[in-house]
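**Q** First the structure, which I've put down as structure tokens, then a few questions once you've had a look.
The values are calculated or read from the model by the stated rules, or taken from the named source; none is laboratory data. As the structure is a computational prediction, the values presented were derived from the model and not from experiment. Note that we place each Cβ from the backbone using ideal geometry, even for glycine, and neighbour counts take in every protein chain shown.
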Amino acid sequence: MKLLFALLLGGFLAPRATGGAVEPSGDFGALTVSNIAARIRIQAEATQTLGLNAYTNPIPGTKASYTMVVIPGGEFVMGSPAGGRYVRPDQMPPHRVKLAPFWMGKYEVTWNEYNAFVFDDIERRQASPPPLNSKLDPRLADAITHPSLPYVDMDYGMGKNGYPAIGMTQHAANKYCQWLSAKTGHCYRLPTEAEWEYAARAGSTNTWFFGEDATQLADYAWFEDNSDFKYQKVGRKRPNAWGLHDVLGNVSEWVLDQYDKDYYQICADKGTVVQPWNQATKQYPHSVRGGSWRDPISKVHCTLRGSSTPDWKMSDPQLPKSRYWFRNCDFVGFRIVRPLALPTTEEMRQYWNSGVEQE
């Protein structure tokens, strides 16, 4: 029994598939959700006494690592008041939101981490593509759908080592989260819009988490005025009060939500909303937050909402266009979160497989 437990706990790189019926899906990555969830539960039971603390983890089988900081639960007012600085209609009305505690990536996901996913066991995958049948690959992380290899260098010459990964679709970011969950035994996903804004604000009610003095933004963010026309290595600017670097500027960050200009009004009509998430029903648009190295100061603040468009794939010559890469998007990346409360298997499935990924 002790040997079996040790194999289950430590074997995220090579766990054995369990028996039973296979869940139907058009995406092979979804076939292993139940298996990944089972191993996450085992890991959670083994580490439940560790508490809510910041931590740094290596990604098993790679040279990459990542750091997570603690975001305490609480309530806040999301959005901008009428007459607020840089206010836009889709940032109103302000509304109360209640969130449970979670961890969030201290930095945006870098190429060091993301390429470990893109190129994970690529020789084996190219030689033997996973079959779409009832036999699951015994290595859960390898069975997850991986991005196709880009036909151009997706860093656009701006740098890879220590720089944020960019140009992936929201679907690809979700698949990275599923892969990392399988690798580590922790449940990772993209943040919701509400979680992102709450974490970015870090208890502040101002335009920027450091206050209202626009001249200070250059101390905390890379944006149009100081970026030298490219993204920069993560962690070189000062963090917010909860320890998050580059949460404003550098690259805009994917969140889980479908973008809807009227969603804040829907939330406001409900009073205080708990764990809001506008789940996707169509491929476009999805929300991105925080602004990027290309943006002026008016678009690099805590309440700014952005949205994806098909134009981000405009020069992709593939038919159909890639599900994994935005060829015309050198300004969008992502960071990860890990909820303190363990999600159900079905919730994990929804996080990692929105169902609207097809071109």
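**Q** Tell me the residue from GLN358, GLN318, GLN350 that is surrounded by fewer than 21 Cβ atoms within 10 Å (Cβ to Cβ) and either at pLDDT 95 or above or in a helix (DSSP H, G or I) (or both), please. Can you show your working first?
**A** On the way: GLN358 fails: either at pLDDT 95 or above or in a helix (DSSP H, G or I) (or both); GLN318 fails: either at pLDDT 95 or above or in a helix (DSSP H, G or I) (or both).
Just a single option satisfies the conditions, and that option is GLN350.
**Q** Just give me the residues in the stretch 181-230 being farther than 28 Å from ALA44 by Cβ, among the charged types (D, E, K, R) and outside any helix (DSSP H, G or I), in sequence order.
**A** Passing the criteria: GLU212, ASP213, GLU224, ASP225, ASP228, LYS230.
**Q** Among the candidates PRO191, PRO150, which residue alone is modelled with pLDDT under 95 and either within 26 Å of VAL87 (Cβ to Cβ) or touching a strand residue (DSSP E or B) at 6+ places or on another chain (Cβ under 8 Å) (or both)?
**A** Working: PRO191 fails: modelled with pLDDT under 95.
Going through PRO191, PRO150 in turn, just one is modelled with pLDDT under 95 and either within 26 Å of VAL87 (Cβ to Cβ) or touching a strand residue (DSSP E or B) at 6+ places or on another chain (Cβ under 8 Å) (or both): PRO150.
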